[in-house]
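Here the structure comes first, spelled out in structure tokens, and everything after it is commentary.
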Amino acid sequence: MSGADAGEAMNSGAGQMSQEVHTQVVAALGHTDTPVAVGLVTPGTDARRVPKRLRPKPRVAGKERKQRPPWWGWLVLVFIWLTDVPQTLYDLIADSITLRRKRRPLRGGWRSQAGGLLAACDAPARTYLVVGRSGLHLVYVGDLGSEAGWSLPLEHVRDAEPLKWADDSPYVANSRLHFTDGSWSSVRLKGGAQQQILGKLAPPPGFKG
């Protein structure tokens, strides 16, 4: 991607993101895509706990310091392991209840398109949701630079919407992305990026998903 193309993308869609972030995102995507909207993203405090095996380990975050947990930490780990199966069964039941399903942060499970996005957001680095001209991406920025993480062709994103019940909270998920496999995931878009990103992911007029 040329410098002119990068500048055009930044002016047309990336809006208020800093030049530093823009440079890092462009470097991570390389020649694969051109960013048009970028926002700092987190799973939100109401998100499902991501299984350890699915948590990303971006190289740019540097080496993670391994600390031995205290005795109660081991108890928590055992409890988490024991509740993995019951949690899955609970999800199946909760998904059948309309009122509960409305506020669930994930539908479709970790193997779905939405599950891949939500899991990839739980990284030990600054994570940016990037709407490109051809794809939706997560870019990790850390002490050692930037790298691309999860990616999906843009045609697999069906729709995106703001979550009105999260307007009064600075922590919970405030945006929901719907995918063509029927899954959805809710994430927290920080700063002023929410409106830009949701605008880029809105379906065209007359679209019937």
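The values are calculated or read from the model by the stated rules, or taken from the named source; none is laboratory data. Remember, predicted model here, so these are calculated numbers, not experimental data. Backbone-built Cβ (ideal geometry, glycine too); neighbour counts: all protein chains shown. Quick note on the areas: whole protein, heavy atoms, side chains included, nothing else; ligands and nucleic acids left out. Shrake-Rupley method; radii C 1.70, N 1.55, O 1.52, S 1.80 Å.
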Worksheet item: Which of (1) of a type outside the set (F, W, Y); (2) in a loop (DSSP other than H, G, I, E, B); (3) surrounded by 18 or more Cβ atoms within 10 Å (Cβ to Cβ) is the odd one out, the single condition G191 does not satisfy?
Response: (3)
Worksheet entry | Qualifying residue in the range 155-168 (condition: in a strand (DSSP E or B) and free of Cβ contacts under 8 Å to residues at least 40 places away in the same chain) | yes
Practice prompt. Scan the range 125-148 and give yes if some residue there is part of a helix (DSSP H, G or I) and touching an Asp or Glu at 6+ places or on another chain (Cβ under 9 Å), otherwise no.
Written response: no
Worksheet entry | Count - residues of the range 161-188 that are under 17 Å from A47 (Cα atoms) and open to solvent by less than 60 Å² (accessible area, probe 1.4 Å) | 16
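Rundown of residues vs (1) at pLDDT below 55; (2) surrounded by 12 or more Cβ atoms within 10 Å (Cβ to Cβ); (3) closer than 21 Å to G191 by Cβ, yes/no style:
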| site | (1), (2), (3) |
| --- | --- |
| S2 | yes, no, no |
| H22 | no, yes, yes |
| A28 | no, yes, yes |
| T32 | no, yes, no |
| R53 | no, no, no |
| Q67 | yes, no, no |
| V78 | no, no, no |
